[in-house]
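Quick notes on the structure that follows.
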Amino acid sequence: MAHEILAVKLCELEDRFIRLRSRIHLSETAGHDQLRQEIRSLSRECMETELTLWQKLQLSRAEVVATLAGTYSEIEQSIQRAKAKLEEQAAARNDAEAQAEEKILLAEYALDFAVQAANRALLLAMEAIDAQSPGRENERRPS
């Protein structure tokens, strides 16, 4: 059962990456108005997804989920603080080009962290599937 759940989650992740790639392409080719509309749409989607995730986390009785929720919250707060600090520094320079470069830098590293998070999620899923595999103990011990 867990294997099927993880397979569905991995498919969801793949779908999200496909949409991410599509949105990156759109952001490179779209006009300013269309880009602003997509930013609003994605912002709404992010808020809705985060709310849904928090609701799921609160309904869970597993202790590890409370730990994950707290850690996720800390990470989100740290990212928001870093973003605010970078925006503040760029605004203090009163240089539109510097502000754009700061946003690009933030986006670049956010994407790097997202890839790392996806790899970690995949690794956890693979380890969970391996843990449920019948005969896995026999495979790990040398003959």
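The numbers here are math on the coordinates, done by the rules we state, and not lab data. Bear in mind the structure is a predicted one, so any value in this text is a computation, not a measurement. Neighbour counts are summed over all protein chains in view; Cβ atoms, including those assigned to glycine, are modelled from backbone coordinates with ideal geometry.
The conditions of being surrounded by 12 or more Cβ atoms within 10 Å (Cβ to Cβ) and either touching a helix residue (DSSP H, G or I) at 6+ places or on another chain (Cβ under 6 Å) or more than 30 Å from P134 (Cβ to Cβ) (or both) are met by V65.
Can you confirm whether I39 is of a type in the set (A, V, I, L, M, F, W, C), farther than 21 Å from K9 by Cβ, assigned to a helix (DSSP H, G or I) and in contact with a Phe, Trp or Tyr (Cβ under 9 Å, 6 or more places away or on another chain)? Taking the combined requirement at face value, the residue does not satisfy it.
Under the condition of being surrounded by 12 or more Cβ atoms within 10 Å (Cβ to Cβ) and within 15 Å of I24 (Cβ to Cβ), the residues counted in segment 92-105 number 1.
How many residues, within segment 27-38, are surrounded by fewer than 13 Cβ atoms within 10 Å (Cβ to Cβ) and either touching a residue at least 24 places away in the same chain (Cβ under 8 Å) or not charged (D, E, K, R) (or both)?
Residues meeting the conditions: 5.
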